[in-house]
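Below is one structure; the comments refer to it alone.
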Amino acid sequence: MNPQESTRPPRRVLVTGGAGFIGSHTSVLLLEAGYDVLILDNLSNSTVEVVAAIERVAGRRPDFVCGDVRDGALLARLFARSAIAAVFHFAGLKSVAESLAAPLDYYANNVGGTIVLCREMAEASLHTLVFSSSATVYSASHAPPLSESSPLDPAQPYGRSKLMIETLLGDLAATDPRWAIASLRYFNPAGAHETGALGERPKGIPNNLMPYLCQVACGERPELIVHGNDYPTPDGTGIRDYIHVMDLAQGHLAALDYLETHPGFIAINLGTGRGYSVLDLVEAFERVIGRTLPRRIGPRRPGDIAASWAAVDRARELLGWQSERGLEAICRDAWRWTCTGCPPRS
Ligand code: NAD
Ligand code: UDP
């Protein structure tokens, strides 16, 4: 949408972690919807070039500050400088494996960062927050579909950091009726912007299936290792709910609209409600690129669960949002980004 066509009065939002994968795509939609966007990112897992790419895609430039969300004095200055209507809080560390090796980093950055952010928001009388949570908060022993009332029991420090944050945000909302907080539990974000100008660029060897597949397809990795084919699923490989990053980004705008009239704290799943196996995704990707890829079956990856997909009724009923893009669009857009937009890895 052209910003001039927007009926929304210009409003300024802070996007922490806005140079990252999901934050950059959400920033594009916010700019296109007429919001003024201020990105705060310490570039620990992104680059400043992403800000220029956001501008190219959205046709408007976000303001960008390179800094850490744990820097309370910096946040205070940013909140004092211009009125902010709401905060989207993407900034955080997100690797399950890394969190097992360095749990304190995860608690310090994810939990510590959110505490500093909320304190400074309260100081600035700013109480509207959309938080990036994760399906890892759910108990691995509960069968899908996972609804927001399914048992919570994260299996690793990353997931526990997200659940701690949800708990503290719920406590915060209970203390002051001005808080309006949505904790969005993402399932498996994948894909890229359809222009190929923005996408996911993991540092090092990708943990996630989609970026790994893309690197096999462009010859950076010799083969895909399928982590186990002896799960109790129809083809024996793990099942996940892959959601296109642009659908996910759209869900954030819907959440902000919802919060305008619904104070308090709410957790909402953002997924498609459909699960696909590893082999389903590989075959969809092969159809998109028109060739088969080398793969072999390896052992199960420690900590993996057999199947996970979302119950999406709450998002549909409260936000009026549901995913629109399917597996083919996810594969097509991820591949376009890999071929055209993804800068060479250092
Ligand atoms: P990302 O790493 O691409 O983006 C996060 C951004 O935050 C990066 O640009 C990084 O530089 C920045 N950052 C990290 N710590 C910071 C700090 N202390 N101060 C300022 N900036 C900081 O990750 P993403 O995939 O875009 O994920 C965004 C959020 O969504 C994260 O909180 C993540 O835990 C959550 N999430 C992601 C997934 C996924 O599969 N991608 C799934 C569920 C939840
Ligand atoms: N997977 C795989 N090979 C890889 C990466 C992932 O077989 O190189 C599988 C993994 O075991 C899981 C699915 O792909 O069943 C999705 O994994 P991902 O890490 O993308 O998401 P998560 O497990 O964190 O939900």
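Please state which one of Ala53, Ala73, Ala83 is surrounded by fewer than 20 Cβ atoms within 10 Å (Cβ to Cβ) and either of a type outside the set (Gly, Ala, Ser) or part of a helix (DSSP H, G or I) (or both).
Result of the check over Ala53, Ala73, Ala83: Ala73.
Does Leu100 satisfy the condition of being more than 10 Å from ligand 1 (Cβ to nearest atom), more than 27 Å from Ala180 (Cβ to Cβ) and assigned to a helix (DSSP H, G or I)? Criteria met by Leu100. In region 86-97, the residue that is farthest from ligand 1 (Cβ to nearest atom) out of those that are buried (at least 22 other Cβ atoms within 10 Å of the Cβ) and within 21 Å of Ser46 (Cβ to Cβ) is Val87. Sub-9 Å Cβ pairs linking a first residue in region 212-225 that is under 11 Å from Val282 (Cα atoms) to a second residue that is of a type in the set (Val, Ile, Thr) and away from ligand 2 (no atom under 11 Å from the Cβ), at least 6 apart or interchain, are Cys214/Thr338; Ala217/Ile289; Ala217/Thr338, ordered by first then second residue.
Can you spot a residue in region 185-199 that is in contact with an Asp or Glu (Cβ under 9 Å, 6 or more places away or on another chain), more than 18 Å from Asn45 (Cβ to Cβ) and aliphatic (A, V, I, L, M)? So far as region 185-199 goes, no, none of its residues is in contact with an Asp or Glu (Cβ under 9 Å, 6 or more places away or on another chain), more than 18 Å from Asn45 (Cβ to Cβ) and aliphatic (A, V, I, L, M). Considering region 240-346, the qualifying helices (runs of 4 or more DSSP H), each wholly inside and each with 1 or more residues that are of a type in the set (A, V, I, L, M) and under 25 Å from Gly170 (Cα atoms), run over 245-261. Among the residues of region 116-171, the ones that are under 30 Å from Arg11 (Cα atoms), within 20 Å of the chain's Cα centre (by Cα) and among the acidic types (Asp, Glu) come to 1 in all.
Restricting region 209-224 to residues that are surrounded by fewer than 19 Cβ atoms within 10 Å (Cβ to Cβ) and either under 15 Å from Ser277 (Cβ atoms) or among the acidic types (Asp, Glu) (or both) leaves a set whose member that is nearest to ligand 2 (Cβ to nearest atom) is Glu223. Total residues in region 257-290 satisfying the condition of being away from ligand 1 (no atom under 16 Å from the Cβ) and either touching a residue at least 12 places away in the same chain (Cβ under 8 Å) or closer than 17 Å to Ser183 by Cα (or both): the figure is 21.
Values in this text are rule-based calculations from the coordinates and carry no lab data. Keep in mind that what you see is a predicted model, and the values were worked out from it rather than measured. No Cβ is skipped: glycine too gets one built from the backbone with ideal geometry, and neighbour counts run over all protein chains shown.
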